[in-house]
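The values are calculated or read from the model by the stated rules, or taken from the named source; none is laboratory data. Predicted, not measured: the structure shown is a model, and the values here were computed from it. Positions of Cβ are backbone-derived with ideal geometry, glycine not excepted, and every protein chain shown enters the neighbour counts. Remember, those area values only see protein heavy atoms, side chains included, never the ligands or the DNA or RNA. Shrake-Rupley method; radii C 1.70, N 1.55, O 1.52, S 1.80 Å.
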Amino acid sequence: AWVFADGLSVQGILDGIQSGNAFIEVTAGSGRITEFTINGQPMGSEIKVSASLNLQLQWESDHALVPRWIHQGNVFPVTNQESNPLAFSATLEAAAVTIPGWIRVDLVDSDGVTRVIGNPIYLAEQSQ
């Protein structure tokens, strides 16, 4: 498991885990997420959704990996995307997702084997 923490203290690591800004590397050396945000907010966050969602993902790996987006427990096709071997960005219309809900990302290899599992970002309705 990898945790984004403000420091290497026990409290810093526990705070990172509690915030949900962490991911699991399924097999050692298979890769790591260096950034996953929606509308600028990291894993574990709750965001208020307005018109659209800006997905940003970057990773490091010695393997060819592609993102598999999971929304409410189901694989979710993401179109209107820009991708290269180590980064991905896309914009989703809010109408395409269930709110309240969540989105997370897995990184999978060319055989469809999950190598990295990301934590969700939670979607909430925009306050009126």
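Does Phe23 satisfy being within 18 Å of Arg115 (Cα to Cα), crowded, with 17+ Cβ neighbours inside 10 Å and in contact with a Pro (Cβ under 9 Å, 6 or more places away or on another chain)?
So Phe23 does not fit the description; no.
So which strands (runs of 3 or more DSSP E) stay within segment 1-88 end to end and still have 1 or more residues that are in contact with a helix residue (DSSP H, G or I) (Cβ under 7 Å, 6 or more places away or on another chain) and not aromatic (Phe, Trp, Tyr)?
Strands (runs of 3 or more DSSP E) meeting the threshold: 22-25, 46-49, 52-60.
State all residues of segment 1-20 that are under 26 Å from Val113 (Cβ atoms) and of a type in the set (Gly, Ala, Ser); if no residue qualifies, say none.
Once the filter is applied, which keeps residues that are under 26 Å from Val113 (Cβ atoms) and of a type in the set (Gly, Ala, Ser), segment 1-20 yields Ala1, Gly20.
List every residue pair whose Cβ atoms sit under 6 Å apart, with the two residues 6 or more apart in sequence or on different chains, where the first one lies in segment 96-123 and is more than 21 Å from His63 (Cα to Cα) and the second, anywhere, is open to solvent by 40 Å² or more (accessible area, probe 1.4 Å) and of a type in the set (Val, Ile, Thr).
Every condition considered, the pairs that remain are Leu123/Ile99.
Based on what the data block shows, is Ile38 more than 15 Å from Leu107 (Cα to Cα) and either at pLDDT 90 or above or acidic (Asp, Glu) (or both)?
Yes, satisfied.
Consider only pairs whose beta carbons are under 7 Å apart and that are at least six residues apart or on different chains; among these, list those whose first residue lies in segment 43-62 and is in contact (Cβ under 8 Å) with a residue 24 or more places away in the chain and of a type in the set (Val, Ile, Thr) and whose second residue is surrounded by 19 or more Cβ atoms within 10 Å (Cβ to Cβ) and assigned to a strand (DSSP E or B).
Ile47/Ile38; Ile47/Ile121; Ile47/Leu123; Val49/Leu123
Going by the structure shown, is Ile117 at pLDDT 90 or above, among the aliphatic types (A, V, I, L, M) and open to solvent by less than 80 Å² (accessible area, probe 1.4 Å)?
Judged against the criteria, Ile117 is not a match.
In segment 46-59, which residues are open to solvent by 30 Å² or more (accessible area, probe 1.4 Å) and under 14 Å from the mean Cα position of the chain (by Cα)?
Glu46, Asn54, Gln56, Gln58
So which residues in segment 89-102 are more than 15 Å from Thr79 (Cα to Cα) and open to solvent by less than 20 Å² (accessible area, probe 1.4 Å)?
Selection gives Gly101 alone.
Pick out the one residue from Arg104, Arg32 that is closer than 26 Å to Ala124 by Cβ and of a type in the set (Lys, Arg).
Arg104
Hey, can you tell me all the residues within segment 60-79 that are open to solvent by 60 Å² or more (accessible area, probe 1.4 Å) and not small (Gly, Ala, Ser)?
Correct list: Glu60, Asp62, His63, Val66, Arg68, Gln72, Asn74, Val75, Pro77, Thr79.
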